[in-house]
1. Please give the per residue accessible area of region 89-169, computed with a probe of 1.4 Å over protein heavy atoms only, in Å².
2. List the residues, sorted by chain then number, that are 5 or more residues from residue 59 or on another chain and whose placed amide H is less than 5 Å from its amide H.
3. Where the accessible area of region 20-118 is counted over protein heavy atoms with a 1.4 Å probe, how much of it, in %, is carbon and sulfur?
4. Roll a 1.4 Å probe over the protein heavy atoms and report the accessible area of residue 125 in Å², nearest 10.
5. Residue 146's amide H: which non-local residues (gap 5+, or another chain) put their own amide H closer than 5 Å, with H modeled 1.01 Å from N in plane and none for Pro or chain starts?
6. R0 = 35 Å: FRET efficiency of residue 138 with residue 158, Cβ-based, nearest 0.05?
7. Not counting ligands, DNA or RNA, and with a 1.4 Å probe, what is residue 187's accessible surface area in Å² rounded to the nearest 10?
8. In debye, nearest 20: dipole of region 32-159 around its Cα centre with unit charges on the Cβ of K, R (+) and D, E (-)?
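The values are calculated or read from the model by the stated rules, or taken from the named source; none is laboratory data. Because the structure is predicted, anything quoted here is derived from the model rather than measured. Neighbour counts run over all protein chains shown; Cβ positions are idealised from the backbone, glycine included. Only protein heavy atoms, including side chains, enter the accessible area calculation; ligands, DNA and RNA are left aside. Shrake-Rupley method; radii C 1.70, N 1.55, O 1.52, S 1.80 Å.
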Amino acid sequence: MSVLGQAMGTQKARKRNDFYPTIDPRAAQALAAFLPPGTVYAEPCAGAGDLVQLLDVLGLVCDWAMELEPQGDCVRNRWPIARGNALQLGAGDVGAATCFVTNPPWNRPMLHALIRHLAAILPTWMLFDASWKHTQQAAALGPICTDIVSVGRLKWFAGSKYDPPDDCAWYRFDARAGSEPAEPTRFHFRRPPAVAGAQLQLI
């Protein structure tokens, strides 16, 4: 079943609030060259905190995580995932974070609203389907998309034998006042894992 088809509403309904935990370590590995260890970020669509755990292995520091309906009590017993709407965040809510990193809902209206809102506050890295960049809807957001990082196929269900048929990518958006748009958007091909010897396994 196509993840993209579900996101676009052409196949059966997605899970409530588009909750598909980011359990595949390949998602985090693809970001390693762009967010060095020590980078402090916030996760505004955290689900159960799975992406935060993957980024922990790479040495990234999550200042806080939030979710409309948290799917877990805490992240590594550090602090609870806050309950809140990412579309209501303001510049005064970012804390020590220097960027947002998230696997957002792929539902197009919600996804596009989150891109516009979050990227106006901080540089925002989002993980979603690689095909999005080819849609007409993406054209309006192209000027604030600075980077696209190829990820490939990811597993979304623990124990799954096969990868879904759709490829994924990380997109970086920056719509802050005074930020220079990328002309053209930089595309980054896939790379070998950047963390040698790290024990990255599906969680």
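1. Each residue of region 89-169 exposes 40 Å² on average to a 1.4 Å probe.
2. none
3. It is 53 percent, rounded to a whole number.
4. 10 Å²
5. Placed amide hydrogens put 172, 173, 174 under 5 Å from residue 146.
6. After rounding to 0.05, the efficiency reads 0.70.
7. Result for residue 187: roughly 90 Å² accessible.
8. 280 debye
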